[in-house]
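Novice: Shown below is the structure under consideration.
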């Protein structure tokens, strides 16, 4: 069964780095990409991803606000904020909403647990 990950980051380089790690290590996963929250909502509405990796700092809406929007569309979606730096207040709000964290740059070890948990479903 094919699984789909949605990568959302306004940085082309950050998306490329995540895409490379995923495509080299998780061959059964399809990758959807968005540059901002608006694109991400459109993609997630058209097709349900299994996992979403969201940059926190983006120009049109931050990753936590996007996570909350995506949860309205797909309540079972597993979501991680991917960021180099996040304040404790943001982390607490995200954890209360059931959103996880990964640090930039992402690596195989960070992604493995999230991807493997989805593959078991």
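Any read-out appearing in this document is the output of simple, stated calculations on the displayed coordinates, not a laboratory observation. The structure displayed is predicted, hence computed values, not measured ones. Glycine gets a Cβ as well: all are built from the backbone with ideal geometry, and neighbour counts include every protein chain shown.
Novice: What's the exposure ranking of 108, 8, going from fewest to most Cβ atoms within 10 Å?
Specialist: Listing 108, 8 from fewest to most nearby Cβ atoms yields 108, 8.
Novice: Test of understanding: ordering 7, 41, 73 by Cβ neighbours within 10 Å, fewest first, what list do you get?
Specialist: 73, 41, 7
Novice: If only Cα atoms are counted, what is the Rg of the chain, and what is its Dmax, in Å?
Specialist: Taking only Cα atoms of the chain, I get Rg and Dmax of 12.9, 38 Å.
Novice: Summing -39500 (n - 2.57) over the DSSP H runs of n ≥ 4 in the chain and dividing by its residue number, what mean residue ellipticity at 222 nm do you reach, to the nearest 500 deg cm²/dmol?
Specialist: Per the formula, -14500 deg cm²/dmol.
Novice: Rank the residues 92, 27, 3 as a footprinting-exposure proxy: fewest other Cβ atoms within 10 Å of their Cβ go first.
Specialist: Going from least to most buried by this count: 27, 92, 3.
Novice: Oh, and also: Find the centroid of the Cα atoms in segment 69-96 and in segment 1-36, then give the distance between the two in whole Å.
Specialist: So the two Cα centres are separated by 18 Å.
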